[in-house]
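The values are calculated or read from the model by the stated rules, or taken from the named source; none is laboratory data. No experiment lies behind these values; they were computed from the predicted model shown. No Cβ is skipped: glycine too gets one built from the backbone with ideal geometry, and neighbour counts run over all protein chains shown. In case anyone asks, the SASA skips ligands and DNA or RNA and just uses the protein heavy atoms, side chains included. Shrake-Rupley method; radii C 1.70, N 1.55, O 1.52, S 1.80 Å.
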Amino acid sequence: MAKARTQFVCQNCGTIHTRWAGKCEGCGEWNTIIEDDPTAGIGGGPSRAPKKGRPVALTTLSGEIEDAPRIQTGISELDRATGGGFVRGSALLIGGDPGIGKSTVLMQAAAALARQKHRVIYVSGEEAVAQVRLRAQRLGAADSDVLLAAETNVEDILATLAEGKRPDLVIIDSIQTLWSDIVDSAPGTVTQVRTGVQAMIRFAKQTGTAVVLVGHVTKEGQIAGPRVVEHMVDAVLYFEGDRGHHYRILRTVKNRFGPTDEIGVFEMSDKGLREVANPSELFLGERNEKSPGAAVFAGMEGTRPILVEVQALVAPTSLGTPRRAIVGWDSARLSMILAVLEAHCGVRLGQHDVYLNIAGGYRISEPAADLAVASALVSSLAGLALPADCVYFGEVSLSGAIRPVAHTAQRLKEAEKLGFSQAVLPAASTELPKNGNGRWSELESLPDLVARIAGSRNALRPVEDAD
């Protein structure tokens with residue numbers, strides 16, 4: 001008989017090791033490596049002969065295409081993030097920090113679907129039935145016909161789901177609590193999480209039930225467990241938000257049946273999560289129009305244009321190395337903008353501390369924010385307030401040129417809807433609206449922006465004459 005091969009798996013990142021070690025080489029965590037049987041859960045050991053396979057039917061790429069049937073919850077922000085509703089037979093993974101609102105939004109969605117006569121089953125592995133009922137009463141969902149269960153065993157859950165009418169939606173909260181009899185690991189380990197997710201995905205594909213899985217996150221903000229889980233499911237959503245702010249963002253990072261990088265915006269209240277139909281008004285609500293160092297960025301999140309305020313503070317430093325503090329933006333991108341300003345515009349920031357903040361705790365990952373960040377930095381250094389009715393967007397290259405970005409028409413339309421009559425954008429922009437009422441300033445390079453803000457070279461002392 002062949003000797004059974006063992007392996008050691010890190011419970012934090014899923015890295016496989018050939019021998020035990022105190023520290024994982026993949027993530028650097030200590031005491032997270034345990035012994036794992038690679039043959040567990042696949043129906044036999046290494047000495048078992050594989051059975052003969054059966055041929056499967058082959059088809060061609062051409063043929064009729066049917067749109068995936070969806071279940072719309074009626075919560076427009078949730079439906080937007082999922083691409084139009086839950087797809088039947090799909091598996092969706094949602095993660096987020098503890099207390100961010102994952103269970104809250106899923107309970108509200110379950111109640112909304114139950115009121116539409118859909119059969120919804122909510123399986124909680126972290127709370128008792130009485131605790132789930134308390135949350136349902138607070139959210140006003142106690143009158144819905146949502147079926148509850150408090151169970152963590154995968155086989156018992158599947159047996160329960162197989163009884164009676166096929167459910168339309170199943171919510172598992174959370175995958176870290178699932179455990180299976182065919183695996184000898186503790187709940188929450190890599191092997192148990194992978195086995196439980198495989199079983200639930202198999203159930204979704206075979207029955208046509210939409211399955212929503214809730215996942216814990218690590219201290220870095222990533223979904224805990226093996227990364228292969230995110231590849232197995234059809235869609236991955238992250239709940240984002242700052243506890244110091246009352247809004248929450250449901251961000252799509254993967255979706256096989258809809259667009260990625262889509263977001264849904266909610267506002268947290270004592271009655272649960274409330275939809276925010278116009279996020280731009282939320283992020284611009286407390287704006288100081290006469291303060292230097294503030295620029296309004298017209299951004300895009302998926303198919304939705306959003307206006308946010310970029311705040312910058314440039315102050316002389318008393319330290320040998322100036323500070324660079326960034327909240328809501330990429331620190332490497334800020335370093336690039338500072339280098340371009342100094343190399344091509346003569347703006348000396350080497351003896352200044354730079355603080356950059358995206359208002360409202362919002363996070364921007366779009367390169368189109370380069371122009372708004374540069375405008376806020378120059379405005380703060382010069383002590384000159386930017387026009388209150390102007391928006392900025394454009395990507396800055398290392399040569400100082402301002403490159404065009406996509407969705408120009410949508411950005412300008414959203415700005416006009418909120419009362420902004422001016423826009424500073426790249427000169428090579430396309431898709432400009434023909435019947436717009438705003439005034440657009442098209443710039444080719446970053447020095448043109450600095451000259452526009454300063455008004456004259458004498459108005460901005462740190463700007464040196466390039467000649």
Students often forget the sequence filter, so: which aspartates and glutamates lie under 12 Å Cα-Cα from Lys254 once same-chain residues fewer than 8 apart are removed?
Glu230, Asp234, Glu262
What's the center-to-center distance, using Cα atoms, between the stretch 169-183 and the stretch 131-160 in Å?
14 Å
Largest-first ranking of Asp156, Asp143, Asp168 by accessible area, probe 1.4 Å, whole protein assembly kept, is Asp143, Asp156, Asp168
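Charges only on Cβ, +1 for Lys and Arg, -1 for Asp and Glu: so what's the dipole of the stretch 296-349 about the Cα centre, in debye to the nearest 20?
Values: 5 positive and 4 negative charges, 27 e Å.
I would put it at about 140 debye.
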Partnerless cysteines (no other Cys beta carbon under 4.7 Å) identified across the chain are Cys345, Cys390
Run the reach check for Lys290 against lysines, Cα to Cα strictly under 25 Å, same-chain hits fewer than 8 apart removed. What comes back?
Lys413, Lys417
With a cap of 15 neighbouring Cβ atoms within 10 Å, and only residues DSSP puts in a loop, list the GluC sites (Glu not before Pro) found in the stretch 212-256.
Glu220
Put +1 on the Cβ of each Lys and Arg and -1 on the Cβ of each Asp and Glu in the chain; which of Ile171, Trp440, Gln206 then has its Cα farthest toward the positive end of the dipole?
Gln206
So the carbon and sulfur contribution to the accessible area of the stretch 42-180, 1.4 Å probe, in percent, is 53 percent
So Ala388 and Ser421, fully extended at 0.36 nm per residue minus their Cα-Cα distance, gain in nm 10.9 nm
How large is the dipole of the chain about the Cα centre if only Lys and Arg carry +1 and Asp and Glu carry -1, each at its Cβ, rounded to the nearest 20 debye?
880 debye
With every protein chain in place, the stretch 341-445: carbon and sulfur % of accessible area (1.4 Å)
49 percent
Apply 1/(1 + (r/R0)^6) to the Cβ-Cβ distance of Gln198 and Val327, taking R0 = 30 Å, and write down the FRET efficiency to the nearest 0.05.
0.15
Note down the relative contact order for the stretch 78-196 as a percent, whole number, built from C-alpha pairs under 8 angstrom at least six residues apart.
24 percent
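Treating only the Cβ of Lys, Arg, Asp and Glu as charged (+1, +1, -1, -1), what charge dipole size does the stretch 267-318 show about its Cα centre? Round to the nearest 20 debye.
On the way: 5 positive and 8 negative charges, 18 e Å.
That gives the stretch 267-318 a dipole magnitude of about 80 debye.
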Given Cβ charges of +1 for Lys and Arg and -1 for Asp and Glu, the option among Ile337, Ser429, Ala186 whose Cα lies farthest towards the positive end of the dipole of the chain is Ala186
Bins of 10 Å, beginning at zero and ending with the bin holding the largest distance: percent of Cα pairs per bin for the stretch 282-346, please.
15, 41, 34, 9, 1
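Rank these by accessible area, largest first, 1.4 Å probe: Lys219, Lys271, Lys52. Write out the running numbers ahead of the final one.
Values: Lys219 165, Lys271 140, Lys52 190 Å².
From most accessible down to least: Lys52, Lys219, Lys271.
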What's log10 of I(q)/I(0) for the stretch 230-316 at q = 0.10, 0.16, 0.21 Å⁻¹, Debye sum over Cα points only, no solvent?
-0.34, -0.77, -1.09
Kirkwood Rh, Cα atoms: Rg over Rh of the stretch 240-379
1.02
Expressed as a whole-number percentage, the relative contact order of the stretch 275-346 with C-alpha contacts under 8 angstrom and at least six residues apart is 23 percent
Scattering profile of the stretch 359-436 at q = 0.24 Å⁻¹ [log10 I(q)/I(0), Debye over alpha-carbon scatterers]
-1.32
With unit charges on the beta carbons (Lys and Arg positive, Asp and Glu negative) and the dipole taken about the Cα centre of the chain, which residue among Ile223, His407, Ala150 sits farthest to the positive side?
Ala150
At most 12 other Cβ atoms within 10 Å and a DSSP loop assignment: could you name the GluC sites (Glu not before Pro) in the stretch 61-120 that fit?
Glu64, Glu66
Separation in nanometres of the label points that stand 7 Å from Cα toward Cβ, at Ser365 and Asp181:
4.2 nm
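Calculated FRET efficiency, Arg439 and Val56, Cβ-Cβ r, R0 45 Å, to nearest 0.05? Can you show the working numbers first?
Details: r = 62 Å, r/R0 = 1.38.
The calculated FRET efficiency here is 0.10.
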Would you compute the Debye intensity of the stretch 119-204 from its alpha-carbon atoms alone, equal scatterers and no solvent, and pass along log10 I(q)/I(0) at q = 0.13 Å⁻¹ to two decimals?
-0.43
Per residue, how much accessible area does the chain show when a 1.4 Å probe rolls over the protein heavy atoms, in square angstrom?
50 Å²
Percentage of interatomic Cα-Cα distances in the chain larger than 32 Å
52 percent
The stretch 342-448: relative contact order in percent, alpha carbon pairs under 8 Å with at least 6 residues between:
24 percent
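How high is the FRET efficiency from Ala315 to Gln222, r the C-beta distance, R0 41 Å, rounded to 0.05?
Values: r = 35 Å, r/R0 = 0.85.
Given R0 = 41 Å and the Cβ-Cβ separation, E is 0.75.
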On a C-alpha basis, how far is the centre of the stretch 288-304 from the centre of the stretch 66-104 in Å? Whole number, if you could?
28 Å
Residues in the stretch 317-346 near a label at Glu395, defined as backbone nitrogen under 16 Å from the 7 Å Cα→Cβ point?
330, 333-334, 336-337
